[in-house]
Amino acid sequence: MNKRLVVALSGGVGGAKLALGLSRILPADELLVVANTGDDFEHLGLSISPDIDTLTYTLAGLDNPATGWGRRDETWSFMDSIGALGGEDWFKLGDRDLALHVERTRRLRAGQTLSEVTTDVCRRLGIGARVLPMSDDRVRTRVRSDVGWIDFQDYFVRQQCRPVVHELAFDGVTLARPNADIVAALRSGSVRTVIICPSNPFISVEPILAIPGMRDAMKASNAPIVAVSPIIGGEAVKGPTAKMMRELGLEVSAAAVAARYGDLLDGYIMDDADADGVGTIGARVTIAKTLMKSLDDREALARVTLDAADALASR
Ligand code: FO1
């Protein structure tokens, strides 16, 4: 059985960067990216799946390089007009991006699954790798903050991560079924490695791991599970990871993220800026340059991660 399939768990901008690196060094049929859908929400009557879209735009080369989310070369007529009408304009939807949300919403209402919509969008955008939502059932990340329970995008975008986070909850996750195609792939016996991308562990990765059956399927793959640290030099590259770790009472370190994933990990890729924390990590640590600024950086980190996984597999 040739173990060639790379399964990558991703959410947010950081995860999409490594997914792009992997997509550029692997044949299209050897990469399956599992997208977090805990960030999804209904807004302006539209079903919005930000982490799926960040992944697909990035893999299609359509992403906005400045923000990492939404599309490049955007125009904002819709946002200007809805603002002028007194509508909600805190979540920026570009005119081209808007078409995807409108069309996805129409198809979901017509009874298509999120997986079906995502697969067709990837095909139309010329993406070879498979991108699948972690589940076709509704899972919604909510934040218990110092101002009470709030929806994720309200916390992340409208309130710009200002509220203090005391707890995260993934509404619906206990009833959510893991995406059947992902489980089948993980249990196929043909998995080379499962990679946890450098995404925010709490908001991008844990919703995926919390789905009943997902961890078991990952372990049943009998493939090395390797995570890439989202923390570099004790800080997050982007987003609220470090602030959340402080507020959740965790040490802000690459080692603390590894500890958070616990015995799930066989390997852990962290930056040499955090090398002093190696001793406390149970998984096999690889020190590498984990900051991804250029396309070469994305590909190089992807190679390092795959090499670490292959070395673990040949133990
Ligand atoms: N993030 C922001 O910080 N501000 C926005 O206005 C914003 C709009 C947006 C529109 C479409 C989309 O797919 C993502 C968007 N994001 C925005 C990112 C989104 O909040 C994601 O959930 C984060 O990237 C975290 O995963």
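The values are calculated or read from the model by the stated rules, or taken from the named source; none is laboratory data. Worth saying up front: this structure is predicted, and the values here are computed from it rather than measured. Here the Cβ positions follow ideal geometry from the backbone for every residue, glycine too, while neighbour counts run over all protein chains shown. These accessible areas exclude ligands, DNA and RNA; they are computed on the full protein's heavy atoms, side chains included. Shrake-Rupley method; radii C 1.70, N 1.55, O 1.52, S 1.80 Å.
Consider only pairs whose beta carbons are under 9 Å apart and that are at least six residues apart or on different chains; among these, list those whose first residue lies in segment 161-187 and is aromatic (Phe, Trp, Tyr) and whose second residue is assigned to a helix (DSSP H, G or I).
Cβ pairs passing all conditions: Phe170/Glu206; Phe170/Pro207.
Picking from Asp80, Asp53, Asp73, Asp63, which residue would you name as being open to solvent by less than 20 Å² (accessible area, probe 1.4 Å) and at pLDDT 95 or above?
After applying the criteria, what remains is Asp53.
Taking segment 1-60, which residues are within 15 Å of the ligand (Cβ to nearest atom) and in a strand (DSSP E or B)?
Once the filter is applied, which keeps residues that are within 15 Å of the ligand (Cβ to nearest atom) and in a strand (DSSP E or B), segment 1-60 yields Leu9, Ser10, Val33, Val34, Ala35, Phe41, Glu42, His43, Leu46, Ser47, Ile48.
Is segment 242-252 home to any residue that is closer than 27 Å to Arg130 by Cα, surrounded by fewer than 21 Cβ atoms within 10 Å (Cβ to Cβ) and basic (Lys, Arg)?
Within segment 242-252, not a single residue is closer than 27 Å to Arg130 by Cα, surrounded by fewer than 21 Cβ atoms within 10 Å (Cβ to Cβ) and basic (Lys, Arg).
Take Ala28 and decide whether it is small (Gly, Ala, Ser) and touching a strand residue (DSSP E or B) at 6+ places or on another chain (Cβ under 7 Å).
Spelling it out, it is not the case that Ala28 is small (Gly, Ala, Ser) and touching a strand residue (DSSP E or B) at 6+ places or on another chain (Cβ under 7 Å).
Please specify each residue of segment 61-77 satisfying the condition of being under 24 Å from Thr290 (Cβ atoms), more than 9 Å from the ligand (Cβ to nearest atom) and part of a loop (DSSP other than H, G, I, E, B).
If the condition is that a residue be under 24 Å from Thr290 (Cβ atoms), more than 9 Å from the ligand (Cβ to nearest atom) and part of a loop (DSSP other than H, G, I, E, B), then Gly61, Asn64, Pro65, Ala66 are the ones that fit.
Go through segment 155-180 and give me each residue that's over 18 Å from the mean Cα position of the chain (by Cα) and hydroxyl-bearing (Ser, Thr, Tyr).
Thr174 - this is the single residue of segment 155-180 that is over 18 Å from the mean Cα position of the chain (by Cα) and hydroxyl-bearing (Ser, Thr, Tyr).
Listed residues Gly15, Gly38; which is farther than 16 Å from His101 by Cβ, touching a strand residue (DSSP E or B) at 6+ places or on another chain (Cβ under 6 Å), buried (at least 24 other Cβ atoms within 10 Å of the Cβ) and at pLDDT 95 or above?
From the options Gly15, Gly38, the qualifying one is Gly38.
When you scan segment 89-106, do you find a residue that is under 27 Å from Ala185 (Cα atoms), surrounded by 15 or more Cβ atoms within 10 Å (Cβ to Cβ) and without any contact (Cβ under 8 Å) to a residue 12 or more places away in the chain, even just one?
no
Would you confirm whether or not segment 240-262 contains a residue that is touching a helix residue (DSSP H, G or I) at 6+ places or on another chain (Cβ under 9 Å), more than 16 Å from Ser204 (Cβ to Cβ) and among the aromatic types (Phe, Trp, Tyr)?
no
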